[in-house]
Structure formats: C-alpha cells, structure tokens
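Heads up, the thing below is written out as structure tokens.
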Amino acid sequence: MGLFTRCAAFVLSGEMAVAYIISHAPQGFWPVLNHGTLAVLFSFVWLYLSAAGPGPWSVDAVRAGGALGGTSDSACRSHRSTAA
C-alpha cells in the first residue's frame, strides 16, 4: 500500500540486522557460512526501500498531493517555478 513506507522499512531493516546479529553472527562472520544470507538480504532490501521511498502509486504519494501515476509534489513544484 505504501503507507509510511520509509519509516516501516527502516524499522524492518533494523529488525533484520538484529536478527542476524543475534542468531547468525555467533556462528561465524560470513553470511554464506553461517546461513544468514536471507537475513542480510532482507535487511539491505528494507534499507533500500527506506532510502528510495514508496513510489508514485503509493498512499504516501496520494497523501502528499501527487496524482496516481503522476509526478511527485516536489517535482511539480520545481516544474512550476521554472515555467514562471
């Protein structure tokens, strides 16, 4: 749905990192050897989503004033300022 995506993804990334540290890291350093590759993968995927954001089709974009499938509100503002 994309509601509060950045906040939720940041929290999930931290949870996956803690899960890796608690359950996999004591068995060895490398994720391939301690079977923690999925925990590391999901941690970085959630971290990417927290940085990239939800996208134009999300509830967050609609709440920010962007139209579905259109550009974000900040892009519209910069376009308006250059057109004037």
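The stretch 1-27 and the stretch 43-58 have Cα centres separated by 13 Å.
As a proxy for reagent exposure, His24, His35 were ordered by neighbouring Cβ count within 10 angstrom, fewest first; the result is His35, His24.
Each reported figure results from applying straightforward, stated rules to the coordinates on display, with no laboratory input. Computed from a predicted structure; not experimentally measured. Note that each Cβ is placed from the backbone with ideal geometry, even for glycine, and that neighbours are counted across all protein chains shown.
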